[in-house]
């Protein structure tokens, strides 16, 4: 038997497996978080950095979108934490919840105080800067920190913590009701 006669059926079978694999990922594959501004392992863009405490960013929350949420998802929640911060539990930059399960993304600036880009049912609490909504990265001079942005798929349509709750406490409640999580981790140093 010639190599061509052996390879042709193998290529057809491989093509069928690849086609089935891509079909199954559409039907219920991996829960993913992506952004046009953030890339896994990349550096936080200036527009997303905090404006204050020696940082000169625009303090705009990044554009994000997600796909592949698990079956049973009724709402979404977002957290952003700096686990390298010298504070117990890290430094919380953003916590938002009660994002409807029909939503699959947020535009840049949706997490900013006063923004109308979050769905009406959504709630944000104060970040660790003491400001409502998103507060961008601003590590101490001479350090590089990591920033973990997560989207949680939740089994409940709504969570009930008040917006004056501490972000770490709300994040724990979010994790208790999570049925899936996707994340991007970025870094920034100065």
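Each value in this text was obtained by applying a stated rule to the coordinates, not by laboratory testing. Fair warning: this is a prediction, and the values are worked out from it, not measured in the lab.
The table for this structure:
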{"item": "Segment residue 67-residue 46, extension gain: residue separation times 0.36 nm, minus the distance between their alpha carbons", "result": "4.9 nm"}
{"item": "Gyration tensor verdict on the stretch 33-80 (Cα atoms; rounded if a/c is under 1.5, prolate if a/b is larger than b/c, oblate otherwise)", "result": "prolate"}
{"item": "Shape call, the stretch 57-185: gyration tensor on alpha carbons, a/c limit 1.5", "result": "prolate"}
